[in-house]
Amino acid sequence: MVKNTMKPMIKCANCRRMVPANPRVKNQNYCNRKACRRAGKNKWKQSKIASDPDYKNDQRDYHKQWIEQHPGYYRNYRKQNPDYCDRNRELQKKRDKKRCLKQSCKRDALKQFSVIKPGTYRLIPFNKKRDALGGQIIVIPRC
């Protein structure tokens with residue numbers, strides 16, 4: 001009689017490789033490579049910060065304490081690593097451009113509804129609080 005010696009396999013959530021599952025780890029999502037373990041830990045930390053306000057406050061306090069103990073660290077790091085700064089600057093430009101494109105798409109979608117012609121208008125609010133969101137628009141004719 002031949003036993004089934006095939007180990008169960010998982011697909012690593014970071015590197016997407018098929019690897020044998022560790023029988024001691026329930027709900028394993030990452031393989032044992034260092035980069036994948038780090039990715040799993042970062043994912044756990046993000047979800048913990050999002051769901052646990054005490055943990056989030058502890059992390060913020062720890063970071064403030066570290067900054068106080070290492071004054072000027074980030075300034076010195078940027079001076080010593082200009083490639084990092086250049087790369088970050090380029091990536092930020094891409095993020096800004098992407099955000100700008102999203103906003104312009106939203107504005108373009110509203111253009112078809114814009115029927116207000118140039119001229120002079122008077123806004124009369126409906127309530128005494130002068131709420132600009134509700135009111136009446138009156139066109140003032142040209143003389």
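The values are calculated or read from the model by the stated rules, or taken from the named source; none is laboratory data. What you see is a predicted model; the values in this text were computed from it and never measured. So basically every Cβ, Gly included, is an ideal-geometry build from the backbone, and we count neighbours across all protein chains shown. With ligands, DNA and RNA removed, areas are computed over all heavy atoms of the protein, side chains included. Shrake-Rupley method; radii C 1.70, N 1.55, O 1.52, S 1.80 Å.
Here are some notes:
Residues are listed down the side, and each one gets a yes or a no for (1) modelled with pLDDT under 95; (2) open to solvent by less than 100 Å² (accessible area, probe 1.4 Å):
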position: Ala39; (1), (2): no, yes
position: Tyr55; (1), (2): no, yes
position: Lys64; (1), (2): no, no
position: Cys85; (1), (2): yes, yes
position: Arg95; (1), (2): yes, no
position: Arg99; (1), (2): yes, no
position: Leu123; (1), (2): yes, yes
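- First in the range 31-54 and β-branched (Val, Ile, Thr), second anywhere and open to solvent by 70 Å² or more (accessible area, probe 1.4 Å) and part of a helix (DSSP H, G or I), Cβ under 7 Å, 6 or more apart: Ile49/Lys56
- Meets criteria (open to solvent by 100 Å² or more (accessible area, probe 1.4 Å), in a helix (DSSP H, G or I) and polar (S, T, N, Q)) for Gln59: no
- Filtered by the rule that a residue be without any contact (Cβ under 8 Å) to a residue 12 or more places away in the chain and not hydrophobic (A, V, I, L, M, F, W, C), the range 1-22 gives Lys3, Asn4, Thr5, Lys11, Arg16, Asn22.
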